[in-house]
Amino acid sequence: MDAQQIIFQFIGGIGIFLFGLKYMGDGLQKAAGDNLRSILNTFTSTPLRAVLAGAIVTALIQSSTGTTVLTVGLVSAGFMSLTQAIGVIMGANVGTTITAFIIGLNISDYALPIIGAGALFLFFFKNQLITSIGQIIFGFGALFYGLDLMGSGLEPLQNLQAFSDLMLWLSNNSFLGILTGSVMTLILQSSSATTGILQQLFSQDAMTIEAALPILFGTNIGTTFTSILAAVGASLAAKRTALAHVIFNVFGTIFAMLLFAPFTMVLNTLTNAFSLNPELQIAFAHGLFNLLSVGILIWFTPQLARVVSKIIPGEEDTFEMYEPNLDYSLVQRSPVIALDQTKHEIIQLGQFVLEEYNTMFDYYLKQNKKSYDHVLKIEDVVDRIDIQITEYLMYISGESLPARNSNEHAQMGEIGKYLERIGDHTENILKNIEEVNAAEKLQKKNGNNERKNMLYNENLLELFNLVKQNVQEAMQAYETESHSIAGKVIKREKDVNNLEESIRSTYISNLNKGIGKPSDGILFVDIVSNLERISDHSVKIAKHSLGIRQPFSKRIINKKGEEFVKVYLNDL
């Protein structure tokens, strides 16, 4: 076989192998449906569960790089914390070893029939699930066919003296082996492809285990480059996640090299005990290496999170990562407990709304750009949580609730909407303040320094504070079911209305005296009106705490004569 044929067969084999790997992964992902993101987002409450989630998702999509990039995206979007992401990345390293074990099955002789079987599923069936299974089978066969071509292309290398000298050199220089594995993985964008090449070279006796292992360890470092690229321009948490990926894989490689002699001894023992073929020997080495790394470093997940936070400093908006704890399995089994969960999340929603209002107030006082951006971020979170709570309540509305809980159900639907509207009014005020300040700066730039900004006076400042108290105490009344606190909110509403009327009268009087400009009037009146509406919604929440506001309901008597009430959110 001449050099050209060796190169062409090797390159073609790699191409078919990578195609088969990706095609099989895509089929597995389609068969799994839209559950991959949910697995990563939901089943990561502890480091061990995060590792398992990462391993499962990687086994499904056959790509640790894909899992890592997906994790970086989830962290960037605020759906996952840094600690959770570190666990998922550890699991991705374990999950990627599945490919090496599949290759170790060494069923290349059956590759073409497998491809044919996959094609039958793909072209003769229209059902989405069956075609996805066909895609998996076709990709599986293509993977082995590519390996067979690659192995045939590499076979002559064992008799090539220059290549034997290179492998001997790598055996004596572990650092170069690690570098080779990293660069190959970077170029191929797949640690599985690099591992597959190693398995073929090792099976052809073209290299020793001492030369193969450092290259194998280096593949883990090579996979980090893609996550680094995914984190460029992303959030602070995403950058920290990418750095954690690099640190974890580098330290894992260092540990493996420090334990190289005992590691090789254990591997040889397993090889002899189970009569492993060369491909499976590399697969076991890959699995042991990643399990060793995870087994050591999983205990240091919090410390690793702190280290990357110090290396990449800055404040992280953890509120963006908040995900409501709404268990849909409880809706049918115990709708009353589901209501308790909903109340907890509405209280949390109230905390976010209060934070949004306080941050807007801070912007009013200091015109801090950071506060402005923070309000907009909180508003997005408030809207997202409100949608999830509303959807959850809609599911509960399909169940028959006892009469004592039906009012509570409808109450939650209304309170959630009041809080969402408070957030909307807060955002309106923020943008009004920004417009007034922008107009003020423009006037000063044009040389008009006589204009007085009418937004900043004692009465408006007092109105801001009164409304803030109402929002805060309305949520306290709802959380603690305190009638006395709810009464304070209702009583304070009279002060808010009187002050609002006084501010409007004073403003009109000043305009008549030539103080201020009519063009400011719309923005000024909008701010005052939005504040008054925020207070109105707070009062409605307080009235719910007193049981004054009664929801619309439909009464049902079951066969046992027990009274139930079914509530529909659309009727409220």
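The values are calculated or read from the model by the stated rules, or taken from the named source; none is laboratory data. Because the structure is a prediction, the values reported are computed rather than measured. Cβ: placed from backbone, ideal geometry, glycine included. Neighbour counts: every protein chain shown. To get the accessible areas, we keep the full protein, side chains included, count just its heavy atoms, and leave off ligands, DNA and RNA. Shrake-Rupley method; radii C 1.70, N 1.55, O 1.52, S 1.80 Å.
Quick notes
Yes or no, residue by residue, for (1) outside any helix (DSSP H, G or I); (2) modelled with pLDDT of 85 or more; (3) in contact with a Leu (Cβ under 6 Å, 6 or more places away or on another chain); (4) open to solvent by less than 20 Å² (accessible area, probe 1.4 Å):
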| site | (1), (2), (3), (4) |
| --- | --- |
| THR195 | no, yes, no, yes |
| GLN199 | no, yes, no, yes |
| MET207 | yes, no, yes, yes |
| GLU210 | no, yes, no, no |
| PRO214 | no, yes, no, yes |
| THR219 | no, yes, no, yes |
| PHE225 | no, no, yes, no |
| ILE228 | no, no, no, no |
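- Counted residues, the range 234-264 - those being farther than 16 Å from MET90 by Cβ and either within 16 Å of the chain's Cα centre (by Cα) or not in a loop (DSSP other than H, G, I, E, B) (or both): 13
- Against the criterion of being more than 22 Å from ILE98 (Cα to Cα) and at pLDDT 90 or above, LEU291 does not qualify.
- Count - residues of the range 151-176 that are of a type in the set (Gly, Ala, Ser), in contact with a helix residue (DSSP H, G or I) (Cβ under 8 Å, 6 or more places away or on another chain) and either surrounded by fewer than 16 Cβ atoms within 10 Å (Cβ to Cβ) or at pLDDT below 70 (or both): 2
- Checked against the criterion of being under 21 Å from GLN281 (Cβ atoms) and among the aromatic types (Phe, Trp, Tyr), the candidates PHE217, PHE175, PHE140, PHE225 yield just one match: PHE217.
- Neighbours by Cβ (under 6 Å, 6+ apart or cross-chain): first from the range 477-497, more than 11 Å from ASP536 (Cα to Cα); second modelled with pLDDT under 90 and open to solvent by less than 30 Å² (accessible area, probe 1.4 Å): ALA477/SER545; TYR478/SER545; ALA486/SER545
- Hey, GLU408 of a type outside the set (S, T, N, Q), surrounded by 15 or more Cβ atoms within 10 Å (Cβ to Cβ) and not in a helix (DSSP H, G or I) or not: no
- Sole exception among (1) in contact (Cβ under 8 Å) with a residue 60 or more places away in the chain; (2) under 27 Å from THR71 (Cα atoms) for SER203, by number: (2)
- Some residue of the range 389-396 being aliphatic (A, V, I, L, M), part of a helix (DSSP H, G or I), modelled with pLDDT under 90 and surrounded by 19 or more Cβ atoms within 10 Å (Cβ to Cβ): yes
- Counted as qualifying within the range 268-341 are the helices (runs of 4 or more DSSP H) with 3 or more residues that are open to solvent by 70 Å² or more (accessible area, probe 1.4 Å), namely 301-311.
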